[in-house]
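So the structure is just underneath, and the comments pick up after that.
The values are calculated or read from the model by the stated rules, or taken from the named source; none is laboratory data. All figures in this text were calculated on a predicted structure; none of them were measured in a lab. Here the Cβ is made from the backbone with ideal geometry for all residues, glycine too, and neighbour counts use every protein chain on show.
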Amino acid sequence: MAYAEIIKKLVVARLQTMPPNVGFSIGSHGTYTKEELISEVRKETDTGKAIVDMQLEFIKQMPRLSATLSD
Amino acid sequence: MKKILIARPNYDNGTNYLFFWSEEIITEAKSSGYNVTDVRGDEVTQKNIIGRLNSVKPDFVFLNGHGSKDSYCGHNLEEVITLSSAEALANTVTFIRACNCLEELGEASIMKGGRAFIGYKKEFIIPFQYEYIARPLKDPMARPVLEASNQIPKSLINGSTASEAVDASHKFAKKQFLEILFSSKYSEDLYLNGALMALVNNDLFLDMKGDKEAKIS
């Protein structure tokens, strides 16, 4: 499986853990339900790519956030 | 008397949250003795904002809405300030709470005489729960994200420099991260997970250009 496909599946899996009544306003992209976001990620639209970037950045930042515990 | 211009369109869910979460800034500014020009709803047009910037000459400009690398948009996505009209922000400290405005629009405003420009390099994301969209101030998912960004105008109103205001938001966001991460509910409350993702995203892309020591008071 290609790396991009694995990332997409990871992001979809993370979105699927959220409750169904959650939404996100993503600037001028608009407002999305959880299911709409999952669809955007699967279709690789600009919004979907923005969500993938957000989720990857979140995962990458977790060690930094954890490190702040020692501050 | 120092002057503040606030713009807060209100035509979709995202701008509705920004509209209501800006109210506490207006209240605080007025109680701190500032002269506040509140441009709201469908009044947030290019003509009105550029006109008020030129006539009021505010010390602090706080614009809410949607944005892109080269423009800030008002009511119904009307382009209000663009790279070619960024000189309208000359001599001001500006905070644009919208996506993507920092790198190009922020840079243009500084090149054309702006004192400081605070904004986001990428998307500004608001998480929410649908049952709260008629009561944005009560939404527990949106609260940490909007409180973190509200630290910027609050700090400026209370005498902080532009750089200190950005740091105040980072510090507040960090406190929120830790509170959420170590909440006894975190592992089971998936709303908190969504709030945390947006909080991390917005905090990561918050920055400023211009004079770090600029103050509005």
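Here are some notes:
Here's the yes/no breakdown for (1) at pLDDT below 95; (2) within 13 Å of another protein chain (Cβ to nearest Cβ); (3) touching a Phe, Trp or Tyr at 6+ places or on another chain (Cβ under 8 Å):
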| site | (1), (2), (3) |
| --- | --- |
| B:Y17 | no, yes, yes |
| B:V36 | no, no, no |
| B:V39 | no, no, no |
| B:E43 | no, no, no |
| B:V61 | no, no, yes |
| B:N64 | no, yes, yes |
| B:Y72 | no, yes, no |
| B:E78 | no, yes, no |
| B:I81 | no, no, yes |
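- Scanning the stretch B:103-123 for residues being crowded, with 24+ Cβ neighbours inside 10 Å and modelled with pLDDT of 95 or more gives a total of 9.
- Residue match in the stretch B:130-139 (condition: within 13 Å of another protein chain (Cβ to nearest Cβ), in contact with a strand residue (DSSP E or B) (Cβ under 8 Å, 6 or more places away or on another chain) and within 23 Å of B:A173 (Cβ to Cβ)): yes
- When the stretch B:19-34 is limited to residues that are among the hydrophobic types (A, V, I, L, M, F, W, C) and away from every other protein chain (no Cβ under 14 Å), the one that is surrounded by the fewest Cβ atoms within 10 Å (Cβ to Cβ) turns out to be B:I26.
- Among residues of the stretch B:72-88 that are buried (at least 21 other Cβ atoms within 10 Å of the Cβ), those with a Cβ under 7 angstrom from a residue that is part of a helix (DSSP H, G or I) and modelled with pLDDT under 95, sequence gap 6+ or separate chain, pair up as B:C73/A:S28.
- Qualifying residue in the stretch A:49-71 (condition: within 14 Å of the chain's Cα centre (by Cα) and of a type in the set (S, T, Y)): no
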